[in-house]
Amino acid sequence: MKTLRQVLHRLSQHHERALELLVKLGSSLAYYRNGNEADLNESVRLLGRARSHYATNPLYQAHIFNCLSTALLNRFEISGIQADIDGAVTHFQEALELVPDENRNKPVLYDNLCEAFTRRFIHFKVLLDADGAVQMAENALDLTPDGHRQEPIRVDALGRSLSRRYDASGDPVDAQRAIAAAENALRMVTAVHPDYVEFHMNLAITLHRRFIRLDNMPDLERAIALLRSVKSDTRNAGMHRKILGKLGLFLVSKYNRNESADVAEAIAVLEETVALTPDADEDSNEHLDYLATAYKARFQRLGDIGDIDNSISFLSSCLEQPHAVLANYQSHKENLGSVLILRFQAIGGIRDVDRAIKLLSEVVASTEMHKMQDELGPLTNLGIAHLLRYMQTQRSGDIEAAVSCFENVIKATQDSSHPMRHFFVNNLALALNRRFDQVGDLQPGDVDRAIALFEEAIQLCPDDQLRRAAYLNNLVVSALLRFRRDHDSSDIDKALVAGTESVRLTPAEHVDYSSHQFNLGRAWLTRSRESEGERTMLDTAVQCFSSAALASNSPPRMKFGAASEWSRCAWADKHESLLEACKIALELLPQVAWLGLPFSDRLEELVQTGNIVNAAAATSIDHGANETAVEWLEQGRSIVWGQILQLRSPMDELREIRPDLAARFRELSSALDKSNNNLSFESTGQSHRRSTAEWQALLYDIRENTKLKRFLLPKSLSELVAVGLPGPVIMLNVSLFRCDALILVPWSTSVKHLPLSEFSYEDATRLRDSLSSVLRTNGRHIFDDTRLKGRPAALPTDPDTDQVFVSILATLWSNVVYPVIEALELKPTSIDQLPRLWWCPTGALTFLPLHAAGMYDNPAAGNKLSDYAISSYLPTLRALRDPPTISPGNERKFKVLGVGVPSGSSPLPGTREELRHISGHVGLSRFVSLIDNKATVDAVSSGIEECAWAHFACHGLQNPLEPTQSSLLLTNETQLTISQITQLSLPHAELAFLSACQTATGDAKLTDEAMHLSASMLHAGYRSVVGTMWSIMDRDAPQVSDDFYRYLFRKEVPDYRDSARALHEAVDNLRLKKKSRSFLAWVPFIHIGA
C-alpha cells in the first residue's frame, strides 16, 4: 500500500493507469486486516470516486461496489454508524445486479450481502434483515454446484441465518430447517475439515436456542454433547475458545434447569476460556459475560455473596472499553443491571439499585433500543429495579414506573406466544400487588388483576419447578391481600393450595425457601384466626415461620422477617415457642446489618427491623426472665457500634490458646475496621466483603475450640457485670406491649424488675413529639433538621415553653423516674453526698431528658431527680469498659486538647473566653490549644490521639439522612465526622466535652443505635463524654465550662470519673442564675459514660 501511494503521488490524475491504481489502493485498504478507521475512511473515499468511471465495464464496477461495501461494513464495526451498514447493503445489492447468475463470483456476492444483512440484524434487530440474510444464503446455495468445496460452508451459513431468525421470531419451522441444514453441513465434511469444529458449534447453538424457547431438555443435552465431542480440538485457538465458552454457557443453562446439576464444571470451563482469551480478542467480553452468568446462577441457587460480587466485577470489566467497539455493549449493561438488582435483594445497599436503574434506563433509552423489536429484557429489569426501590423507600414514583414498564412489556406480548410471557405477567402482578398493598383504596382492582396474572403465569410456565414455585408463592401473597379486602375464605383456600405446592417444589437449600415457607405460614395463620385460633393450624403456621427463619441459604432479611412474624404470632396467641422466636430474631440482627456492608447501609438495614429488640425484652419480662431481658437489650441495641468494638476487642486469650489463628484474625479485624467507611468503590466494597467472609469463617474455626466457644459472642449478664458496675444502672424498655425498668446494682447478677404501669409506648412518643415541637418553636432542634446553626448568642423564648417543659418533666418524674427512686430507696441529700445513677433508655425515651425529671411547679426538696442522684446515660452496658491503662494524674502524658472555632458563617465569639477559662484551670503546660485556622481535621485528629481529655467549642452538624456523616465543624467548616472518629484508636482516652450543639441527639429512626457524636466519642475510646441534647447558647457555654473544669481541677490529680459530678454542679449553677432559669438553657447538658 505504501508503494501504491507513492506511485499514485507521482502520476497525474489523468494518467491512464491512475484510476486502476486508485481502485487497487482502495480495495487493499478495505480488506487490510490491521486497518484503522483512517484507512477505511480513505478506502471509502477512493472507491467512491472510482465507482462511476467504469459504467462500460459492469463486472469491474461490481468489483468496486463489492470492495466499497466491504470497507463500509468494516468501518461500521468501529463506528457503529447506521449509514455505514446501510451503505454496505445498498452497494452489495448494486454489485449483484451487475453480475449475471452464471458468473462464478455471484455466490460470493450473495455470501457478502448475507453477512451485511446479518450484521445489521444483530445490531438493530429488524426482522426484515433476518429475512434478507436467509434469502441471500439460499440464493448463494442455489448457485453452488453439488460437491463444490463451498457447499458445506453455504449449507452451514443458511442454517446460521435460519437459527438467528428463529431466535427472533420463534417460528418452529425455522428451527427445524436450521437444525437440518447444520446436520447436512456436518455430514458433508470429515474431522479434518477446517470448519468441522465450527459446524458442531453452530448446530449446538441452534439446539440451545430451541431449548430456551421450548424447554426441551434433549435439545440441551445434545448441544452439550456436541460441544464436548470437539472441545479437545485445538487446531484453531480462537474456535477452541468459542467452543469452551459455549460449553460453559450451556452447562449453566442445565444448572438453571436441573436442580441436581453442578455448576462447578461450567465455572471451571469458563474460567479456562477467559484465561485463554487475550484481552484484545473480539470474544473477550463475551466470555467474561458468560462467566458472570455462571456466578450469577450459582448465587441464585446458594446465595454466596462472593459469587454475585464476581459477576459484577466481570460485567464491569466488559464496560470498561469504549462502547463503540463493543457489539454487545448494551447487553453487558443490561446484565450488570440485573446482577446489581440481585445483590440489592441479598444484602441491601440502595446504591446498587440506584445504579441498576441508571444503567437500565440508559439501555432502554438508547437509539439502538428504540429500533429493536425486542427490548423486553431491559424494560423488565428496569421495572424490577423500580419495584425493589419502592419497597425500600416507598417513593410513589417508583411503583408507578414499575407498573408502566411491565404494562409496556405485556402489550408487546399480547399474543401469548413469547416464551417468557409467564415471567412478564408475573412481574406486572407483583407490582400491582405492591401498589394495592399500599394504596388499595385508590386502586381496588389491582389485586384482582394480579391474581389473574399470577394464574396465567403458572399456566404458561414451562416444566421448570423452581420458577413455578416462585409464581405459586406470589399467588399466595395476592390471595391473602384479596382476603384482607373481601374476607372470602376461598382466597385462603387458594393461598394454602398454592403455598403448599410452592414449598414442595423448592429445595430446602434454595435461596427462596424462606420466602415460600414464610408465606405459607401466613396463609395457615390467617386460616387459624378465621377458625378462632384452631391449635393445629396455629402450630402449622409456627412451624412454617420457624423453617423460614432457620433456612440455610436464604437472605438474612427474609429470615429476620419470618422470625419477627413468628414472634408476633406467638405473642398474640400465647404460643410456647415465643421466646425461641425472639431469640432467633435477635441472633439474625447482626446478619441483617452484615459487617460486609458499608456503615450507612447497615444502619439503613436496621431501620427496616422495627422494634423487635424492645418487643423481645418485653416478652422475656412477661415470662419472668429478667436477666434474659437485659442480655437481649444488650445484644440487640447498638449493633453497629458493637461490631466496631468486636473488631477492636483484646485478643490475649486467643493468642494464648490459638496463636496460629490469632495473627490473621487480628490482621483481618484491623483491615475491616479501617475499611468500614471507605466502601464507595466497587473494588473496595468487594474486598471488604471478601475479608468479612474470611473473618467470619475464621471466627467459626476459633469457636470450635472448647475454651473459645464464646469468643466475641454476646455477653451473659454475669460477664457484663463482671467488671463491677460503678453504681445502679436502670434499663428502661419501651415496647408496644408494656414498659418496664430493669435495675442492676453493683456486684450482683440479679435484676430488679419494676413495671412502669402508668407509662406506655404512646406516652413516650407523645412526650418526645411535644419536646420536639417546643424546641422547634424556640429555634432549637432535636432530630429533624439536617444542619445545625448551633450555639447562637441568644434566641427568643416562647412564653409557653417553660410550662410545656414543666408538664413533660413532671410526667417523666411521676411515671418513670420516681418509681425507680422509690425502688432504690434513695433519699434527698446534699449535693456533695449525691450518689450516681446510670440511665439506659430505649425507644422514644432516648430523646427525653430523664436527668431533669421533676415537679418544677413545686420547689420543695425531694420533687426532682437532682435532689436524689447525679445522672449519667449509657447507650449500652458495654460502654462501661475497664478504665484506661494510663493514670489520670500522669503528668508526663496527661494533656487536655482545646478546640475552638470562633469564626465562620455563624460566629461563636464565646469560644475564645471558653478556652481561656479552661487553660486557666488546666495550666499551659498541659493544655494543647487549636483555635481557628489551626483546628484542621488532621491536627484535631492527632490532638485527640495525643491528649487524654478533649474539649470542643464549635458548631455541630447532625445529619439524620446519613448519621455517620454527622460531624463537628472545624476551620473553614471542614468536618470531623462520626465515621472519621470511629477510625481513631484511643485506648488511653478519658474525657471529651462536646460544647457544640446537639451532640447527644441520635437518629429518630434508629433510637437504639446511639448515632450521635457523643456516642461516637464513647465508642472510639473515651470513658466519659459531656454532650448536648439540643442547641445551647454561646453565652452559656463559657460559664458551664468554667465551673466544670474548676471542679475537676480542684484536686492536684484530676479524675475523669468526677466529670458527672462536675457537670451536675456546673449546670446547677447555670440553673440558679436569675437570667438562665429557662429549661432551654440548662436541660440540654448531659453526661454519658463512666
| query | Tell me, what is the 1.4 Å probe accessible area of Phe436, in Å² to the nearest 10? | reply | 10
| Any idea what the dipole of the chain comes to, in debye rounded to 20, about its Cα centre with Lys/Arg Cβ at +1 and Asp/Glu Cβ at -1? | 2100
| said: Binning at 5 angstrom from zero up to the longest distance, how are the C-alpha pair distances of the stretch 613-738 distributed in percent? | reply: 2, 9, 15, 18, 15, 14, 12, 10, 4, 1
| query | Among Lys333/Lys674; Lys494/Lys583; Lys559/Lys715; Lys583/Lys707; Lys895/Lys1051; Lys296/Lys674, which pairs are too far apart, with a Cα-Cα distance over 26 Å? | reply | Lys333/Lys674; Lys494/Lys583; Lys296/Lys674
| task | Kindly write out, for the stretch 642-650 in residue order, the coupling ³J(HN,Hα) from the Karplus curve 6.51 cos²θ - 1.76 cosθ + 1.60 (θ = phi - 60°), rounded to whole Hz, with x marking Gly and Pro. | result | x, 5, 5, 5, 4, 5, 9, 5, x
| message | From Cα pairs below 8 angstrom and at least 6 apart in sequence, can you work out the relative contact order of the stretch 636-764, rounded to a whole percent? | response | 14
| Sequence-distant or interchain residues sharing an amide H contact under 5 Å with Leu319, placed H: which? | none
| field | Sparse-neighbourhood loop sites, trypsin sites (Lys or Arg not before Pro) in the stretch 93-181 - DSSP loop, at most 15 other Cβ within 10 angstrom | value | Arg104, Arg149
| remark: Reduced to Cα centres, the span from the stretch 553-606 to the stretch 709-729 in Å works out to 23
| task | Compare the Cα positions of Val477, Leu496, Leu606 along the charge dipole of the chain (+1 at Cβ of Lys, Arg; -1 at Cβ of Asp, Glu; about the Cα centre) and return the one farthest towards the positive end. | result | Leu606
| message | Restricting to DSSP loop positions (anything but H, G, I, E, B) with no more than 15 other Cβ atoms inside 10 Å of their own Cβ, which GluC sites (Glu not before Pro) remain in the stretch 542-627? | response | Glu576
| remark: Taking a ≥ b ≥ c as the square roots of the Cα gyration tensor eigenvalues, with a/c under 1.5 meaning rounded and otherwise prolate when a/b beats b/c or oblate if not, the chain comes out prolate
| message | If you fit an axis through the alpha-carbon atoms of helix 761-777 and take the longest principal axis of the Cα set of the chain, what angle between them do you get, 0 to 90°, nearest 10? | response | 90
| task | Can you bin the stretch 40-113 into rounded, prolate or oblate? Criterion: square roots of the alpha carbon gyration tensor eigenvalues sorted a ≥ b ≥ c, rounded for a/c under 1.5, prolate for a/b above b/c, oblate for the rest. | result | oblate
| query | Once phi is turned into ³J(HN,Hα) by the Karplus curve 6.51 cos²θ - 1.76 cosθ + 1.60 with θ = phi - 60°, what whole-Hz value does each residue of the stretch 563-573 show in order, with x for glycine and proline? | reply | 5, 5, 5, 4, 5, 5, 4, 5, 5, 5, 10
| Can you list the residues, at least 5 places off or on another chain, whose amide H is less than 5 Å from the amide H of Phe1085, using H built in the peptide plane? | Met1029
| note | Judged on accessible area alone, 1.4 Å probe, highest first, His1064, His332 line up as His1064, His332
| request: Take each of the peptides 277-285, 71-79, average the number of other beta-carbon atoms within 10 Å over its residues, and list them starting from the highest. | output: 71-79, 277-285
| field | Largest to smallest accessible area among Arg343, Arg467, Arg235, Arg912 [probe 1.4 Å] | value | Arg235, Arg912, Arg467, Arg343
| note | Taking Cα atoms, the helix 284-302 axis meets the longest principal axis of the chain at an angle in degrees (rounded to 10) of 50
| note | Row for the stretch 424-544, column shape: gyration tensor on C-alpha, a ≥ b ≥ c, rounded if a/c < 1.5 i.e. under 1.5, prolate if a/b over b/c, else oblate; value oblate
| task | Taking the convex hull of the Cα atoms, report for the stretch 379-427 its projected area averaged over all directions, in nm². | result | 3.0
| request: Measure out, as a whole number of angstrom, how far apart the alpha-carbon centroids of the stretch 611-686 and the stretch 473-506 sit. | output: 39
| task | With unit charges on the beta carbon (Lys/Arg positive, Asp/Glu negative), name the residue among Ala1020, Ser807, Cys318 whose Cα is farthest towards the positive pole of the charge dipole of the chain. | result | Ala1020
| query | Taking H as built 1.01 Å from N, whose amide H comes closer than 5 Å to the amide H of Tyr1022, not counting residues under 5 places away? | reply | none
| note | Contact order relative to length for the chain, counting C-alpha pairs under 8 Å separated by 6 or more residues, stands in percent at 5
| message | Quick check: at a probe of 1.4 Å, how many percent of the accessible area of the chain sits on carbon and sulfur atoms? | response | 50
| For the Cα atoms of the chain, what angle does the longest principal axis make with the long axis of helix 305-318, in degrees from 0 to 90, nearest 10? | 50
| field | Accessible area of Glu656 in the full protein assembly, 1.4 Å probe (Å², nearest 10) | value | 150
| Bridge type composition, the chain - antiparallel percent by DSSP, nearest 5 | 45
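The values are calculated or read from the model by the stated rules, or taken from the named source; none is laboratory data. These numbers come from a predicted model, not from an experiment. In this analysis, Cβ positions are derived from the backbone assuming ideal geometry, glycine residues included, and neighbour counts consider all displayed protein chains. For the accessible areas, the whole protein counts, side chains as well, though only heavy atoms, and no ligand, DNA or RNA atoms are used. Shrake-Rupley method; radii C 1.70, N 1.55, O 1.52, S 1.80 Å.
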